[in-house]
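Worksheet for the structure shown next.
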Amino acid sequence: MGKIDFVVTYLDSEDKEWQKEKEKYAKINFGDELNSESRYRNMDNFQYWFRSIEKYAPWVNKIHLITWGHLPDWLNVENPKLNIVNHRDFMPSLSLPTFNSSALELNFDKIEGLSENFVYFNDDMFLNASVDEQDFFLDNKPVLNVRLRPIETDDDFMHLVLSNTIALNKLFKGKKLKISPLLNINNGINSLFFNLEFLPFVIKKKEIIGYQYGHLPYPLKKGTYSILQEYLEKEYQKTCCSKFRELDNITLWLLQDYYKASGYVSPSKISGKVIDLNSQGFERVLDSKIKMLCFNDNPKTKNFGIIKKILNNALQSKYPTKSSFEL
């Protein structure tokens, strides 16, 4: 299967120069939910991300840290496993500057030295227990939960799912969709139930109605990026040229949807959990055996400063020892 790299994005929203550049382009509101303050603000706990990786995935080959240009003061940039990647190192020049995470994610294949199989993390996604390569890739295929989900455009993010699904059906027009991943018991009983309920519609219409998307670490194949860039060039270019996320952008979820529809996937139950910051109970979930956690900030988060302190205290208790990525 070869080596596996991790890619993680970092943003310091308190950087005055970044704020100044963002303000130059933030004249149009593309949707409060997609581009709200909560999508940019810093949780001040990135050091715990590195501690979780070093503790629970010491086998990782390389960590590619994607940044606008700023770095934490505590970061050991001399760590041999660390590769600092500026946006300008891999993004098309016409796309810069960008404040659109989807545009960045659709160009990861251009990161110099990136392994064919890699896992992408947002900086709010932590490992909570030991993982191995087979948690992300099995038989050289991405390990994913495959569940159909009809699209309801009741929020901005579901509009992105709709854009992905329209693009996916365009990509598979006249081609045979793989049904077997939908019927694989490894997805779990709940996913199998959903798939059996909606499968007749898929077979009749010969179209995907949409897949359940997730917000946990993403196993990805570098070589498959060219499929989007070549066969969905219009959608790809539109997203790359969007300074901020827009409702008709495509996203990284489309790549995973492609794996599912083409059968290039190893079906699995969901091995992580997304935690709404308002729910708290952080210490309890950090004491659990759940392998991957995402502490998800969003526009509905209340008392952000207080919750951030509570979360970071819990993370300090979970990961008290500095990693080799810290000075």
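The values are calculated or read from the model by the stated rules, or taken from the named source; none is laboratory data. Nothing here was measured: the structure is a model prediction, and the numbers come from that model. Cβ coordinates were reconstructed from backbone atoms using ideal geometry, including for glycine residues, and neighbour counts include every protein chain displayed.
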Checklist entry - Going by the structure shown, is Phe194 surrounded by 15 or more Cβ atoms within 10 Å (Cβ to Cβ) and closer than 30 Å to His70 by Cβ? => result no
Item to check | Unique match (being over 23 Å from the mean Cα position of the chain (by Cα), of a type outside the set (Lys, Arg) and under 18 Å from Tyr225 (Cα atoms)) among Phe172, Phe194 | outcome: Phe172
Checklist entry - Somewhere in segment 1-21, is a residue farther than 18 Å from Glu326 by Cα, at pLDDT 95 or above and surrounded by 17 or more Cβ atoms within 10 Å (Cβ to Cβ)? => result yes
Checklist entry - Got at least one residue in segment 233-244 being modelled with pLDDT of 95 or more and hydroxyl-bearing (Ser, Thr, Tyr)? => result yes
Checklist entry - What number of residues in segment 216-238 are under 17 Å from Ala103 (Cα atoms) and either among the polar types (S, T, N, Q) or out of contact with any helix residue (DSSP H, G or I) (no Cβ under 9 Å at 6 or more places or on another chain) (or both)? => result 7
Checklist entry - Conditions: (1) in a helix (DSSP H, G or I); (2) among the polar types (S, T, N, Q); (3) under 30 Å from Asn312 (Cα atoms). Thr224 meets all but one. Number of the miss? => result (3)
Next on the checklist: Need pairs with beta-carbon distance below 9 Å; first residue part of a strand (DSSP E or B) and within segment 267-278, second of a type in the set (Ser, Thr, Tyr); sequence gap 6+ or separate chains.
Outcome noted: Pro267/Ser180; Pro267/Ser191; Lys273/Ser288; Asp276/Thr301
Item to check | Complete set of residues in segment 236-253 that are part of a loop (DSSP other than H, G, I, E, B) and not aromatic (Phe, Trp, Tyr) | outcome: Cys241, Ser242, Lys243, Arg245, Glu246, Leu247, Asp248, Asn249, Ile250, Thr251, Leu252
Next on the checklist: Going residue by residue through segment 237-260, is there one that turns out to be over 16 Å from Leu160 (Cβ atoms), in contact (Cβ under 8 Å) with a residue 40 or more places away in the chain, surrounded by fewer than 17 Cβ atoms within 10 Å (Cβ to Cβ) and under 19 Å from the mean Cα position of the chain (by Cα)?
Outcome noted: no
